Amino acid sequence: MSAGDCRIVVLISGGGTNLQALIDATARGDIPGRIVGVISNRPEAGGLQRAARAGIPTAVVDHTAYPDRERFDAALAEAIDAWRPDLVCLAGFMRILTPGFVARYAGRLLNIHPSRLPRFRGLDTHTRALAAGETEHGASIHFVTEELDGGPVILQSRLPVQAHHDPASLAADVLRTEHVIYPLAVRWFCQGRLTLREGRVLFDGRPLTEALQLDELDPAELPA
Ligand code: GAR
(Lines give C-alpha, C1' and ligand atoms only; values in the text may rest on other atoms or scores of the structure.)
Protein backbone atom coordinates (compact mmCIF):
# COMPACT_ATOMS: atom_id res chain seq x y z
CA MET A 1 0.00 0.00 0.00
CA SER A 2 1.59 3.27 -1.03
CA ALA A 3 0.99 6.27 1.19
CA GLY A 4 -2.31 7.97 0.47
CA ASP A 5 -3.61 5.25 -1.77
CA CYS A 6 -5.20 2.62 0.40
CA ARG A 7 -7.56 0.67 -1.84
CA ILE A 8 -10.79 -0.06 0.04
CA VAL A 9 -13.59 -2.44 -0.93
CA VAL A 10 -16.83 -2.15 1.06
CA LEU A 11 -19.32 -4.99 1.44
CA ILE A 12 -22.94 -4.12 2.18
CA SER A 13 -26.36 -5.74 2.43
CA GLY A 14 -28.64 -2.78 3.09
CA GLY A 15 -29.11 0.96 3.19
CA GLY A 16 -25.44 1.75 3.41
CA THR A 17 -25.31 4.68 5.81
CA ASN A 18 -21.94 3.43 7.09
CA LEU A 19 -20.78 3.17 3.48
CA GLN A 20 -21.93 6.79 3.05
CA ALA A 21 -19.88 7.84 6.06
CA LEU A 22 -16.82 6.20 4.50
CA ILE A 23 -17.55 7.82 1.12
CA ASP A 24 -17.87 11.24 2.76
CA ALA A 25 -14.70 10.76 4.83
CA THR A 26 -12.64 9.80 1.77
CA ALA A 27 -14.10 12.76 -0.16
CA ARG A 28 -13.09 15.12 2.68
CA GLY A 29 -9.59 13.68 2.65
CA ASP A 30 -9.94 12.31 6.20
CA ILE A 31 -8.97 8.85 4.93
CA PRO A 32 -5.76 8.55 2.90
CA GLY A 33 -7.29 6.14 0.44
CA ARG A 34 -10.25 5.55 -1.81
CA ILE A 35 -13.15 3.17 -2.11
CA VAL A 36 -12.43 1.23 -5.30
CA GLY A 37 -15.53 -0.93 -5.24
CA VAL A 38 -18.73 -1.76 -3.37
CA ILE A 39 -20.27 -5.23 -3.34
CA SER A 40 -23.72 -6.18 -2.15
CA ASN A 41 -25.15 -9.64 -1.63
CA ARG A 42 -28.60 -8.16 -2.20
CA PRO A 43 -29.44 -6.62 -5.59
CA GLU A 44 -31.92 -4.19 -3.98
CA ALA A 45 -29.54 -2.81 -1.34
CA GLY A 46 -29.92 0.97 -1.16
CA GLY A 47 -26.20 1.37 -0.60
CA LEU A 48 -25.58 0.46 -4.25
CA GLN A 49 -27.20 3.76 -5.27
CA ARG A 50 -25.05 5.64 -2.77
CA ALA A 51 -21.94 4.13 -4.39
CA ALA A 52 -23.18 4.84 -7.91
CA ARG A 53 -23.91 8.48 -6.98
CA ALA A 54 -20.33 8.79 -5.77
CA GLY A 55 -19.02 7.27 -9.01
CA ILE A 56 -17.80 4.10 -7.29
CA PRO A 57 -18.01 0.82 -9.24
CA THR A 58 -20.43 -1.71 -7.80
CA ALA A 59 -21.05 -5.44 -8.06
CA VAL A 60 -23.75 -7.76 -6.81
CA VAL A 61 -22.90 -11.26 -5.65
CA ASP A 62 -26.35 -12.57 -4.81
CA HIS A 63 -26.08 -15.25 -2.13
CA THR A 64 -29.35 -16.84 -3.26
CA ALA A 65 -27.67 -17.84 -6.54
CA TYR A 66 -25.16 -20.13 -4.79
CA PRO A 67 -25.83 -23.61 -3.38
CA ASP A 68 -23.63 -23.20 -0.29
CA ARG A 69 -21.48 -20.78 1.68
CA GLU A 70 -18.21 -22.05 0.17
CA ARG A 71 -19.29 -21.26 -3.37
CA PHE A 72 -20.81 -17.92 -2.43
CA ASP A 73 -17.63 -16.91 -0.60
CA ALA A 74 -15.48 -18.04 -3.56
CA ALA A 75 -17.51 -15.82 -5.91
CA LEU A 76 -17.36 -12.97 -3.41
CA ALA A 77 -13.57 -13.29 -3.08
CA GLU A 78 -13.19 -13.27 -6.86
CA ALA A 79 -15.21 -10.04 -7.09
CA ILE A 80 -13.24 -8.46 -4.24
CA ASP A 81 -9.82 -9.48 -5.59
CA ALA A 82 -10.58 -7.95 -8.99
CA TRP A 83 -10.25 -4.58 -7.19
CA ARG A 84 -6.95 -5.53 -5.46
CA PRO A 85 -7.91 -4.07 -2.08
CA ASP A 86 -5.60 -3.26 0.81
CA LEU A 87 -8.64 -3.24 3.10
CA VAL A 88 -12.06 -4.87 3.00
CA CYS A 89 -14.76 -3.25 5.14
CA LEU A 90 -17.93 -5.05 6.14
CA ALA A 91 -20.53 -2.31 6.54
CA GLY A 92 -23.85 -3.90 7.42
CA PHE A 93 -22.89 -7.02 5.48
CA MET A 94 -25.26 -9.62 6.87
CA ARG A 95 -23.64 -12.90 5.86
CA ILE A 96 -21.66 -15.34 7.95
CA LEU A 97 -18.29 -15.87 6.28
CA THR A 98 -16.43 -19.17 5.91
CA PRO A 99 -13.08 -19.69 7.68
CA GLY A 100 -11.34 -19.85 4.29
CA PHE A 101 -12.70 -16.44 3.34
CA VAL A 102 -11.72 -14.90 6.66
CA ALA A 103 -8.20 -16.38 6.39
CA ARG A 104 -7.76 -14.97 2.89
CA TYR A 105 -8.29 -11.42 4.18
CA ALA A 106 -6.71 -11.85 7.61
CA GLY A 107 -5.47 -8.53 8.97
CA ARG A 108 -7.25 -6.50 6.30
CA LEU A 109 -10.89 -7.27 7.07
CA LEU A 110 -12.83 -4.92 9.37
CA ASN A 111 -16.40 -5.09 10.61
CA ILE A 112 -18.73 -2.74 12.41
CA HIS A 113 -21.07 -4.30 14.94
CA PRO A 114 -23.91 -2.45 16.69
CA SER A 115 -22.99 -3.28 20.29
CA ARG A 116 -20.13 -2.92 22.73
CA LEU A 117 -18.48 -6.28 22.08
CA PRO A 118 -18.15 -8.74 23.66
CA ARG A 119 -21.65 -7.77 24.78
CA PHE A 120 -24.39 -8.82 22.35
CA ARG A 121 -22.78 -10.66 19.50
CA GLY A 122 -25.17 -11.61 16.70
CA LEU A 123 -28.49 -10.02 15.78
CA ASP A 124 -31.11 -7.80 17.48
CA THR A 125 -28.49 -6.12 19.63
CA HIS A 126 -30.60 -3.09 20.54
CA THR A 127 -33.63 -5.09 21.64
CA ARG A 128 -31.37 -7.37 23.68
CA ALA A 129 -29.50 -4.44 25.27
CA LEU A 130 -32.81 -2.90 26.39
CA ALA A 131 -34.13 -6.24 27.66
CA ALA A 132 -30.92 -6.74 29.65
CA GLY A 133 -31.35 -3.34 31.32
CA GLU A 134 -28.01 -2.05 30.03
CA THR A 135 -27.16 1.44 31.18
CA GLU A 136 -24.85 2.02 28.22
CA HIS A 137 -24.72 0.75 24.67
CA GLY A 138 -22.78 1.53 21.53
CA ALA A 139 -20.90 0.06 18.59
CA SER A 140 -17.57 -1.63 17.90
CA ILE A 141 -15.06 -1.80 15.07
CA HIS A 142 -13.10 -5.03 15.05
CA PHE A 143 -10.82 -7.13 12.91
CA VAL A 144 -12.76 -10.11 11.59
CA THR A 145 -11.68 -13.56 12.70
CA GLU A 146 -13.32 -16.95 12.33
CA GLU A 147 -15.36 -16.42 15.49
CA LEU A 148 -18.61 -14.56 14.72
CA ASP A 149 -18.33 -11.00 16.08
CA GLY A 150 -15.40 -12.32 18.12
CA GLY A 151 -12.35 -10.68 16.52
CA PRO A 152 -10.19 -8.21 18.43
CA VAL A 153 -11.93 -4.90 19.00
CA ILE A 154 -10.20 -1.69 17.92
CA LEU A 155 -12.54 1.17 18.74
CA GLN A 156 -15.92 1.55 20.45
CA SER A 157 -18.54 4.21 20.92
CA ARG A 158 -20.85 4.43 23.91
CA LEU A 159 -23.95 6.30 24.88
CA PRO A 160 -26.27 6.14 27.87
CA VAL A 161 -29.41 4.07 27.47
CA GLN A 162 -32.25 6.40 28.40
CA ALA A 163 -35.81 5.87 29.57
CA HIS A 164 -37.24 7.06 26.24
CA HIS A 165 -35.25 4.57 24.17
CA ASP A 166 -37.00 1.85 22.24
CA PRO A 167 -35.08 -0.49 19.89
CA ALA A 168 -35.56 1.84 16.92
CA SER A 169 -34.51 5.06 18.63
CA LEU A 170 -31.58 3.32 20.34
CA ALA A 171 -30.49 1.90 16.96
CA ALA A 172 -30.67 5.39 15.44
CA ASP A 173 -28.58 6.90 18.23
CA VAL A 174 -25.99 4.12 17.97
CA LEU A 175 -25.90 4.44 14.17
CA ARG A 176 -24.89 8.09 14.45
CA THR A 177 -21.87 7.02 16.48
CA GLU A 178 -21.06 4.28 13.96
CA HIS A 179 -20.64 7.00 11.35
CA VAL A 180 -17.86 8.49 13.48
CA ILE A 181 -15.96 5.38 14.56
CA TYR A 182 -15.84 3.54 11.23
CA PRO A 183 -14.18 6.34 9.24
CA LEU A 184 -11.76 6.88 12.12
CA ALA A 185 -10.66 3.24 12.25
CA VAL A 186 -10.34 3.12 8.46
CA ARG A 187 -8.27 6.31 8.58
CA TRP A 188 -5.89 4.68 11.08
CA PHE A 189 -5.66 1.51 9.01
CA CYS A 190 -4.89 3.47 5.86
CA GLN A 191 -2.30 5.52 7.74
CA GLY A 192 -0.58 2.23 8.58
CA ARG A 193 -1.19 2.72 12.32
CA LEU A 194 -3.40 -0.30 12.79
CA THR A 195 -2.26 -3.88 12.32
CA LEU A 196 -3.26 -7.34 13.46
CA ARG A 197 -0.39 -9.47 14.73
CA GLU A 198 -0.87 -12.93 16.24
CA GLY A 199 -4.50 -12.15 17.01
CA ARG A 200 -3.79 -8.83 18.73
CA VAL A 201 -4.36 -5.31 17.54
CA LEU A 202 -1.27 -3.14 17.31
CA PHE A 203 -1.93 0.61 17.32
CA ASP A 204 1.15 2.66 16.47
CA GLY A 205 3.14 -0.54 16.96
CA ARG A 206 1.91 -1.13 20.53
CA PRO A 207 -0.54 -3.89 21.49
CA LEU A 208 -3.96 -2.65 22.55
CA THR A 209 -4.77 -4.21 25.89
CA GLU A 210 -8.37 -3.07 25.56
CA ALA A 211 -10.48 -1.41 22.89
CA LEU A 212 -10.01 2.31 22.34
CA GLN A 213 -13.01 4.41 23.39
CA LEU A 214 -14.17 7.25 21.18
CA ASP A 215 -15.05 9.41 24.20
CA GLU A 216 -11.57 8.95 25.69
CA LEU A 217 -9.51 9.77 22.60
CA ASP A 218 -7.14 12.68 22.47
CA PRO A 219 -9.06 15.29 20.43
CA ALA A 220 -5.99 15.52 18.19
CA GLU A 221 -6.92 12.04 16.91
CA LEU A 222 -10.15 13.33 15.40
CA PRO A 223 -10.04 14.71 11.86
CA ALA A 224 -10.25 18.51 11.74
C1 GAR B 1 -25.36 -1.03 11.12
O2 GAR B 1 -26.00 -0.70 12.32
C3 GAR B 1 -24.27 -2.05 11.39
O4 GAR B 1 -23.61 -1.86 12.62
C5 GAR B 1 -25.07 -3.32 11.38
O6 GAR B 1 -25.97 -3.17 10.33
C7 GAR B 1 -26.30 -1.78 10.18
C8 GAR B 1 -26.09 -1.39 8.73
O9 GAR B 1 -26.55 -0.10 8.50
N10 GAR B 1 -24.23 -4.46 11.21
C11 GAR B 1 -24.49 -5.64 11.74
O12 GAR B 1 -25.47 -5.87 12.42
C13 GAR B 1 -23.45 -6.72 11.46
N14 GAR B 1 -23.71 -7.87 12.24
P15 GAR B 1 -26.12 0.67 7.18
O16 GAR B 1 -26.45 -0.25 5.99
O17 GAR B 1 -26.99 1.89 7.19
O18 GAR B 1 -24.68 0.97 7.27
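The values are calculated or read from the model by the stated rules, or taken from the named source; none is laboratory data. Since this is a predicted model, take the numbers as computed values, not measurements. A quick note on method: Cβ atoms are made from the backbone with ideal geometry, for glycine too, and the neighbour counts reach across all protein chains shown. Quick note on the areas: whole protein, heavy atoms, side chains included, nothing else; ligands and nucleic acids left out. Shrake-Rupley method; radii C 1.70, N 1.55, O 1.52, S 1.80 Å.
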- Message: With just the Cα atoms defining each centre, how far is segment 174-224 from segment 9-50? Give it in Å.
- Response: 19
- Query: So, by mean Cβ neighbours within 10 angstrom, what's the order for 143-151, 83-91, 48-56 with the highest one leading?
  - Reply: 83-91, 143-151, 48-56
- Near the amide H of Thr58, under 5 Å away, which other amide H atoms are found, from residues 5 or more places off or on another chain, if H is placed in the peptide plane? Val38
- Counting only DSSP beta bridges with both partners in segment 149-224, the antiparallel fraction in percent, to the nearest 5, comes to 75
- One would report the Cα pair-distance distribution of the chain, bin width 10 Å, in %, as 8, 34, 39, 17, 2
- Spacing of the two label points (7 Å from each Cα toward its C-beta) at Arg71 and Ala131, in nm: 3.6
- Query: Per residue, how many Å² of accessible area does the chain show with a 1.4 Å probe?
  - Reply: 47
- Message: Which of Ile31, Ile141, Ile96 ends up with the largest GNM mean-square fluctuation for the chain, with Cα atoms connected below 10 Å?
- Response: Ile96
- Virtual spin-label span in nm between Ala82 and Arg206, 7 Å along Cα→Cβ: 4.4
- Item | Hypothetical label at Asp62: residues of segment 86-105 whose amide nitrogen lies under 16 Å (7 Å Cα-Cβ projection) | none
- Note on the structure: Expected vector for segment 8-22, Karplus 3J(HN,Hα) from phi with 6.51, -1.76, 1.60 and θ = phi - 60°, integer Hz, x for Gly and Pro, equals 10, 10, 10, 10, 10, 10, x, x, x, 6, 5, 4, 4, 4, 6
- Task: Show me 157-167, 68-78 ranked by packing, highest mean number of other Cβ atoms within 10 Å first.
- Result: 68-78, 157-167
- Note on the structure: Semi-axes a, b, c in Å (a largest) for segment 94-224, each sqrt of 5 times a Cα gyration tensor eigenvalue, come to 25, 19, 12
